[in-house]
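The values are calculated or read from the model by the stated rules, or taken from the named source; none is laboratory data. Values in this document were obtained by computation on a predicted structure and should not be read as measured data. Cβ: placed from backbone, ideal geometry, glycine included. Neighbour counts: every protein chain shown. Note: areas computed on protein heavy atoms with side chains; ligands, DNA, RNA excluded. Shrake-Rupley method; radii C 1.70, N 1.55, O 1.52, S 1.80 Å.
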Amino acid sequence: MRYSPVLTFPDAAQEAAVWIRELSELLGCEQRVGYEVLSITLHAVRDRLSVDDNAKVGNDLPLMLRGLYFEAWDPMKSRGHDDLRDLPAWLRAALPHSVGADPNMFSKIERLFEDRLRHKRPTKLNVALQLCVATCETSDPVGEASKIQPSRQLPS
């Protein structure tokens, strides 16, 4: 009996390419910059979540993006709890300047994930991106933005 996966590696690579192309179009940048933004964002969120929450986030990502998400991750160094407070400021400093200068950058990144994962249950990734959007809108990284309520209920 021959095994035939539903999603082949070329299909998975094509799906990842679609994500990168769409993000690049939203941000108005080259695809290599879009890939860099996606990678930096995923790693920044991953490094601020617990092992359990990382498993939930990774489970909902497409195959190739799941690999990107967990690339070089050491779960032994993971925090025992989620701490997203410094995420917006850290991302602003880490992302390429050509993209980071866009005041709507976080909204555009969030839109990609909402569009592409709309049939998935919300995770801490959604909360993290909403925090970044709210922080950018209020320009108050510790105040009201830290009290953000997710637009969809997180599973218990």
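Could you give the length gained by full extension between S50 and A72, i.e. 0.36 nm per residue of separation minus their alpha carbon distance, to one decimal place? Mind showing how you got there, number by number?
Values: separation 22, 0.36 × 22 = 7.92 nm, distance 1.57 nm.
Here the answer is 6.3 nm.
Quick one: accessible area per residue over the range 1-69, 1.4 Å probe, rounded to a whole number of Å²? Mind showing how you got there, number by number?
Values: 3680 Å² over 69 residues.
For the range 1-69, the solvent-accessible area averages 53 Å² per residue.
Where Rh is the Kirkwood radius over the Cα pairs of the range 30-113, the temperature 4 °C and the viscosity 1.567 mPa s, what D in µm²/s does Stokes-Einstein return?
Reported coefficient: 96 µm²/s.
If packing is taken as the average number of other Cβ atoms within 10 Å across a peptide's residues, how do 10-18, 74-82 rank, most packed first? Display every interim value, and only then the final one.
Values: 10-18: 13.7, 74-82: 10.2.
Final packing ranking: 10-18, 74-82.
May I ask you to list the GluC sites (Glu not before Pro) in the range 64-129 that are in a DSSP loop and have at most 16 other Cβ atoms within 10 Å of their Cβ? Don't skip to the answer; put the middle values down first.
On the way: sites: E71, E110, E114; in loops: E71.
Counting only loop positions with at most 16 other Cβ atoms within 10 Å, the GluC sites (Glu not before Pro) in the range 64-129 are E71.
Share of the range 1-71's accessible area from carbon and sulfur, percent, 1.4 Å?
Numbers: 2110 of 3830 Å².
Carbon-and-sulfur percentage of accessible area, whole number: 55.
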